[in-house]
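What follows is one structure encoded as structure tokens, with my remarks underneath.
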Amino acid sequence: MPKPAILRARHRALTAAAMTGALLSTLSACREEPTEVATPAPSWKEPSAYRYTLTSSEGERSLIGTFEVTVRDGKVVKATGLDDSARRAVDRSLSEVPTIAELLQQAEAARRDGADVVDVDYAKDGRPTVISIDRDEDAIDDEEAYTLGGYEALG
């Protein structure tokens with residue numbers, strides 16, 4: 001049987017090892033990335049008619065360029081391409097150009113699907129002004145960036 005002095009030394013060593021492990025575990029937990037908390041979107045109700053300018057960029061997508069968009073009853077009724085890329089997109093299909101509500105739905109769907117990045121900036125009235133989506137930060141050319149400006153509710 002080991003002597004009491006040896007038992008005490010062994011006990012102190014085991015206690016020190018356990019405390020060191022607990023301390024390292026606590027410290028490593030402090031270095032973890034904070035969990036991102038989505039800011040609730042301000043309430044904004046899409047009016048029955050409005051006009052806005054959409055600049056769509058980033059990624060390998062067909063909807064790239066700057067557009068002047070007119071929406072009535074939740075549908076794009078007119079889109080004018082303000083650059084070559086946007087004109088080609090409008091010539092292909094007017095349905096490619098989204099309403100503001102559709103862009104917000106797209107951001108929410110990306111968030112639900114676990115996209116790595118979904119950022120939305122809002123104007124004081126609650127409508128979005130910038131939407132950025134990156135479904136996979138490790139993938140190339142899957143980003144989507146939208147800037148919404150020149151907003152005007154129509155009577």
Given the Cα-Cα distance of S95 and E137 and 0.36 nm per residue of separation, how much length would full extension add, in nm? 12.3 nm
For the range 35-155, what % of the accessible area comes from carbon and sulfur atoms, probe 1.4 Å? 46
Förster radius 22 Å - calculated FRET efficiency between T129 and D83, Cβ distance, rounded to 0.05: 0.65
Under a 1.4 Å probe, what is the accessible area of the range 72-155 per residue, stated in Å²? 58
Report ³J(HN,Hα) in whole Hz for each residue of the range 136-147, in order, from the Karplus equation J = 6.51 cos²θ - 1.76 cosθ + 1.60 where θ = phi - 60°; Gly and Pro get x. 9, 4, 8, 8, 9, 6, 9, 6, 9, 9, 10, 10
Whole-angstrom gap from the range 63-84 to the range 95-155, using each part's C-alpha centre: 15
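The values are calculated or read from the model by the stated rules, or taken from the named source; none is laboratory data. These numbers come from a predicted model, not from an experiment. Cβ coordinates were reconstructed from backbone atoms using ideal geometry, including for glycine residues, and neighbour counts include every protein chain displayed. Just so you know, the surface numbers come from the protein's heavy atoms only, side chains and all, with ligands and any DNA or RNA stripped out. Shrake-Rupley method; radii C 1.70, N 1.55, O 1.52, S 1.80 Å.
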